[in-house]
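Below is a structure I'd like to ask you about.
Every number here is computed from the coordinates shown, using simple stated rules; none is lab data. Just so it is clear, the structure is predicted and the values come from calculations on it, not from any experiment. Cβ coordinates were reconstructed from backbone atoms using ideal geometry, including for glycine residues, and neighbour counts include every protein chain displayed.
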Amino acid sequence: MAAEKPDKRSDKGEVWTPPPPGRHVYDYPRPSVTVDCVVLGLDADDVKVLLIQRGVDPFKHAWALPGGFVRDHEELDAAARRELREETNIEDVYLEQLYTFGTPDRDPRGRVITVAYYALAKLSDYRVKAATDAENVGWYPLDRLPALAFDHAEIINRAIERLRGKVRYAPIGFELLPPRFSLTQLQRLYEIVLERALDKRNFRKKILSLGLVIETDELETGVRHRAARLYRFDKKKYERLLKQGFEFAI
């Protein structure tokens, strides 16, 4: 006679009962998973974040980050890019996973865990357009954000912290600039992101010493002051140096 299998007990001492034949059940709850995207863009004055106005409950008509539920058999990165494309018409942007937010009461619909991403986009490269369940879409300065749905204010703050940290050791800031830029534009980008003034001479000396910005034969156009020389970022050289252990530091 075969020995009886011991009872499987939970951490609360409850006896586990096997499910009926042909039916599979899980021992633990299955929360929903969403993705939310913090898309940051740069204009002449400050860094802005892309928001949508929700067209559905909960928080109907409130402003929020673009995002939504992850589909069955869909990769997280693919879900983030799909939601960006569907709700804002933005695609082909630098996108990086940021953090996972899972406070139990963060979503009134139930237990929803969100995987947040942040993206860097040049404002001039995209014509945003609201679609699917978004009523409206627009760029908002970080210091003048409307009231936000869910915990999206916390998610944006985390993205800004990541950007300020990473811009010091990785050249992701170039993703916010046009293909041709002046050194003044580049310095202004760092000052906006880091929220502090930088010495012009020291900044230019440091940037040029890295050998990653290449002077072009082009000048600024449509400016009232003396036109400045334009530069471009040598991404291929950076990727080669990175393989050799190169460290980018500002």
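Within 10 Å, Cβ to Cβ, of Arg81, how many net charges do the neighbouring residues add up to if Lys/Arg are +1 and Asp/Glu are -1?
Neighbourhood net charge equals -4.
Return the subset of Lys200/Lys237; Lys48/Lys237; Lys129/Lys205; Lys48/Lys243; Lys60/Lys235 for which the Cα-Cα distance in this structure is over 31 Å, preserving the input order.
As for pairs spanning more than 31 Å Cα to Cα, those are Lys129/Lys205; Lys48/Lys243; Lys60/Lys235.
Could you work out the relative contact order of the chain, using alpha carbon pairs under 8 angstrom and six or more residues apart, expressed as a whole percent?
RCO, the chain: 18 percent.
Right, another one. Just want the answer: with Cβ charges of +1 for Lys and Arg and -1 for Asp and Glu, which residue in Ile172, Phe150, Tyr118 is farthest toward the dipole's positive end in region 95-188?
The Cα lying farthest towards the positive end belongs to Ile172.
In a shell of Cβ-Cβ distance under 12 Å around Thr184, excluding Thr184 itself, what net charge do Lys and Arg (+1) and Asp and Glu (-1) give?
+3
I would also like to ask the following. What is the sum of charges around Leu65, taking Lys and Arg as +1, Asp and Glu as -1, for the other residues whose C-beta is under 12 Å from the C-beta of Leu65?
Counting the neighbours of Leu65, the net charge comes to -3.
Evaluate E = 1/(1 + (r/R0)^6) for Arg226 and Leu194, where r is the Cβ-Cβ distance and R0 equals 30 Å; express this FRET efficiency to the nearest 0.05.
0.65
Can you grab the distance from the C-alpha centre of region 125-144 to the C-alpha centre of region 202-250, Å, no decimals?
Centre-to-centre distance over Cα atoms comes out at 31 Å.
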